[in-house]
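Student: Structure provided below as structure tokens; questions to follow.
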Amino acid sequence: MSRQELLSPEGLRVDGRRANELRRISCRASVLNSADGSSYYEQGNTKVLVAVYGPREPRSKSLAHHDQATINVEFNIAPFSTSERRKRSKGDKRLLEVASFVKQTFEGAIQTTVYPRSQIDIYIHLLQHDGGTLETCINAATLALVDAGISMVDYVCACTAGFIDETPVLDLNFVEESSIETPDLTVAVLPRSGNIALLQM
């Protein structure tokens, strides 16, 4: 798909947004009774469900740290979330990559020293994919952690940005992300301090 198709002469994108417009955001907390904290989060047509358990006793004593909590993140994609219907294995590179980025983001945001010798589990399920997966997962996980009452130094807010025809654009959708001509960047920040929690290209 060419850049001409991604950005009209009037400056409108494929979904009708202007360059600096975010997709519509809708979210709810406490959607799962069995979890300590949970959230359902939609950003455009990307939909994510997150469950947080903990702080709780680690599954394995060897994984416990005497002075801080261990953060565990699992990311799964529902087989029906994309037009490509396939079940992914737990060792899928893309799943592990997203889980690793989310874990890296929250290791600096959660006050792990408040919960020594414990484990905090974050389970993320992508229900529908339309671009901005990582940003949506981080925002949804933040809401679920707040719902669980986990102590954090600050909220984490994430967004993607890219370039189309030398025009900077925010919150890329699937069509824009899929274009090899559109470089993209995901940034997660701690708003109060302005510190960057994650920077991923």
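The values are calculated or read from the model by the stated rules, or taken from the named source; none is laboratory data. This is a predicted model, so every value here is computed, not measured. FYI the Cβ positions are ideal-geometry reconstructions off the backbone, even for glycines, and counts take in every protein chain you see. Ligands, DNA and RNA are stripped out before the accessible areas are found, and what is left, the full protein with its side chains, is counted by its heavy atoms. Shrake-Rupley method; radii C 1.70, N 1.55, O 1.52, S 1.80 Å.
Student: Test of understanding: among Val52, Val31, which residue is touching a Ser or Thr at 6+ places or on another chain (Cβ under 8 Å) and not in a loop (DSSP other than H, G, I, E, B)?
Tutor: So the residue among Val52, Val31 that is touching a Ser or Thr at 6+ places or on another chain (Cβ under 8 Å) and not in a loop (DSSP other than H, G, I, E, B) is Val52.
Student: Here is a list: Leu134, Leu127. Which entry is touching a Ser or Thr at 6+ places or on another chain (Cβ under 7 Å), in a helix (DSSP H, G or I), aliphatic (A, V, I, L, M) and open to solvent by 10 Å² or more (accessible area, probe 1.4 Å)?
Tutor: None of the others qualify; the one that does is Leu134.
Student: Going by the structure shown, is Glu5 open to solvent by 50 Å² or more (accessible area, probe 1.4 Å), outside any loop (DSSP other than H, G, I, E, B) and over 26 Å from Leu127 (Cα atoms)?
Tutor: Yes.
Student: Please enumerate the residues belonging to segment 34-58 that are over 22 Å from the mean Cα position of the chain (by Cα) and open to solvent by 80 Å² or more (accessible area, probe 1.4 Å).
Tutor: Those that are over 22 Å from the mean Cα position of the chain (by Cα) and open to solvent by 80 Å² or more (accessible area, probe 1.4 Å): Arg56, Glu57.
Student: Which one of Arg28, Arg17 is exposed (fewer than 14 other Cβ atoms within 10 Å of the Cβ) and either in contact with a Leu (Cβ under 6 Å, 6 or more places away or on another chain) or among the basic types (Lys, Arg) (or both)?
Tutor: Just one listed residue meets the conditions, Arg28.
Student: Still on this structure: All but one of (1) buried (at least 20 other Cβ atoms within 10 Å of the Cβ); (2) more than 18 Å from the chain's Cα centre (by Cα); (3) at positive phi hold for Val169; which doesn't?
Tutor: Checking Val169 against (1) buried (at least 20 other Cβ atoms within 10 Å of the Cβ); (2) more than 18 Å from the chain's Cα centre (by Cα); (3) at positive phi, the one that fails is (3).
Student: Tally up the residues in segment 36-70 that are out of contact with any Phe, Trp or Tyr (no Cβ under 6 Å at 6 or more places or on another chain), modelled with pLDDT of 90 or more and of a type in the set (A, V, I, L, M, F, W, C), please.
Tutor: Of the residues in segment 36-70, 2 are out of contact with any Phe, Trp or Tyr (no Cβ under 6 Å at 6 or more places or on another chain), modelled with pLDDT of 90 or more and of a type in the set (A, V, I, L, M, F, W, C).
Student: Taking Thr112 as the residue in question, decide whether it is crowded, with 21+ Cβ neighbours inside 10 Å and either over 30 Å from His66 (Cα atoms) or of a type outside the set (D, E, K, R) (or both).
Tutor: yes
Student: Still on this structure, I have one more. Six or more apart or on different chains, Cβ atoms under 6 Å: show the pairs whose first residue is in segment 96-116 and in contact (Cβ under 8 Å) with a residue 12 or more places away in the chain and whose second is of a type in the set (Ser, Thr, Tyr).
Tutor: Gln111/Ser151; Val114/Ser151
Student: Every residue in segment 141-169 that is farther than 29 Å from Gly37 by Cα, in a strand (DSSP E or B) and in contact (Cβ under 8 Å) with a residue 40 or more places away in the chain, please.
Tutor: Those that are farther than 29 Å from Gly37 by Cα, in a strand (DSSP E or B) and in contact (Cβ under 8 Å) with a residue 40 or more places away in the chain: Ile164, Thr167, Pro168, Val169.
Student: Next question. Please go through segment 59-79 and give me each residue that is assigned to a loop (DSSP other than H, G, I, E, B), more than 19 Å from the chain's Cα centre (by Cα) and more than 14 Å from Thr112 (Cβ to Cβ), ordered by number.
Tutor: Arg59, Ser60, listed by residue number.
Student: Continuing with the same structure: Test Ser38 against the stated conditions and say whether it is small (Gly, Ala, Ser) and either in contact (Cβ under 8 Å) with a residue 24 or more places away in the chain or within 30 Å of Ser118 (Cβ to Cβ) (or both).
Tutor: Yes.
Student: Taking Val175 as the residue in question, decide whether it is more than 14 Å from the chain's Cα centre (by Cα), open to solvent by less than 20 Å² (accessible area, probe 1.4 Å), farther than 30 Å from Ser60 by Cα and of a type in the set (A, V, I, L, M).
Tutor: Here the answer is no, as Val175 does not meet what is asked.
Student: Tell me which residues, restricted to segment 162-195, are more than 18 Å from Glu10 (Cα to Cα) and acidic (Asp, Glu).
Tutor: Those that are more than 18 Å from Glu10 (Cα to Cα) and acidic (Asp, Glu): Asp171, Glu177, Glu181, Asp184.
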